[in-house]
Amino acid sequence: MPTLFERIMDGEIPSDQVYEDEICVVFRDVAPQAPTHVLVVPRTPIQSLADGLNAALAGHLLVVANKVAQQEGLSDGYRVVINCGADGGQSVDHLHVHVLGGRALGWPPG
């Protein structure tokens, strides 16, 4: 069964897409936790960070996260988060990178 993110990438579910390339898609989170909250989602359906993410893909996702942060005007800073597993707060079983910004972000995050 396709994940929510696969259904978004296939166009079954609409999204506010802000970037795409042959490796990943970036769209706005439907439940934003900051004024800017986008998700960088690899096209390859990897369940989580614990499931075989390779260095090339990890690097690409982070480079895209930075590119989109700049595109979104987050010049005062931003946070990049990857939740892993239920205890880590992962709610969709498809690896994704959160990029949050647009306000000061507190610590600890959760």
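Checked against (1) in a loop (DSSP other than H, G, I, E, B); (2) closer than 25 Å to Arg7 by Cβ; (3) open to solvent by 50 Å² or more (accessible area, probe 1.4 Å); (4) at pLDDT 95 or above, Val80 meets all criteria but (1).
Comparison of His98, His94 shows that the only residue that is in a loop (DSSP other than H, G, I, E, B), within 27 Å of Arg7 (Cβ to Cβ) and either of a type outside the set (D, E, K, R) or out of contact with any helix residue (DSSP H, G or I) (no Cβ under 7 Å at 6 or more places or on another chain) (or both) is His94. Looking only at residues in the stretch 46-58 that are more than 17 Å from Asp21 (Cβ to Cβ) and touching a residue at least 24 places away in the same chain (Cβ under 8 Å), which one is most open to solvent (accessible area, probe 1.4 Å)? The qualifying residue most open to solvent (accessible area, probe 1.4 Å) is Gln47. Do the conditions hold for Ala69, that is, is it buried (at least 17 other Cβ atoms within 10 Å of the Cβ), in contact with a Phe, Trp or Tyr (Cβ under 7 Å, 6 or more places away or on another chain), without any contact (Cβ under 8 Å) to a residue 40 or more places away in the chain and not aromatic (Phe, Trp, Tyr)? Yes: the conditions hold for Ala69.
When residues of the stretch 45-57 are filtered for being touching a strand residue (DSSP E or B) at 6+ places or on another chain (Cβ under 9 Å) and either of a type in the set (Val, Ile, Thr) or within 16 Å of Val25 (Cα to Cα) (or both), how many remain? Working first, answer last.
Of the residues in the stretch 45-57, the ones touching a strand residue (DSSP E or B) at 6+ places or on another chain (Cβ under 9 Å) are 53, 57.
Narrowing the set further to residues that are either of a type in the set (Val, Ile, Thr) or within 16 Å of Val25 (Cα to Cα) (or both) leaves 57.
So the count comes out to 1.
If the condition is being charged (D, E, K, R) and either touching a Gly at 6+ places or on another chain (Cβ under 6 Å) or under 14 Å from His96 (Cβ atoms) (or both), then the stretch 21-37 contributes Arg28, Asp29.
For the stretch 83-90, does any single residue satisfy the condition of being open to solvent by 70 Å² or more (accessible area, probe 1.4 Å) and free of Cβ contacts under 8 Å to residues at least 24 places away in the same chain?
Step one: list which residues in the stretch 83-90 are open to solvent by 70 Å² or more (accessible area, probe 1.4 Å), which gives 86-87.
Remaining after also requiring free of Cβ contacts under 8 Å to residues at least 24 places away in the same chain: 86-87.
Looking through the stretch 83-90, at least one residue is open to solvent by 70 Å² or more (accessible area, probe 1.4 Å) and free of Cβ contacts under 8 Å to residues at least 24 places away in the same chain.
Taking first residues from the stretch 18-31 that are within 13 Å of Ile8 (Cα to Cα) and partners that are assigned to a strand (DSSP E or B) and acidic (Asp, Glu), the Cβ contacts under 8 Å between residues at least 6 apart in sequence or on separate chains come to Val26/Glu20.
Only residues that are part of a loop (DSSP other than H, G, I, E, B), of a type in the set (D, E, K, R) and surrounded by 14 or more Cβ atoms within 10 Å (Cβ to Cβ): list them for the stretch 1-40, please. The one that is part of a loop (DSSP other than H, G, I, E, B), of a type in the set (D, E, K, R) and surrounded by 14 or more Cβ atoms within 10 Å (Cβ to Cβ): Asp29.
The values are calculated or read from the model by the stated rules, or taken from the named source; none is laboratory data. This structure is a prediction, so every number in the text was calculated from the model and none was measured. Cβ: placed from backbone, ideal geometry, glycine included. Neighbour counts: every protein chain shown. For the accessible areas, the whole protein counts, side chains as well, though only heavy atoms, and no ligand, DNA or RNA atoms are used. Shrake-Rupley method; radii C 1.70, N 1.55, O 1.52, S 1.80 Å.
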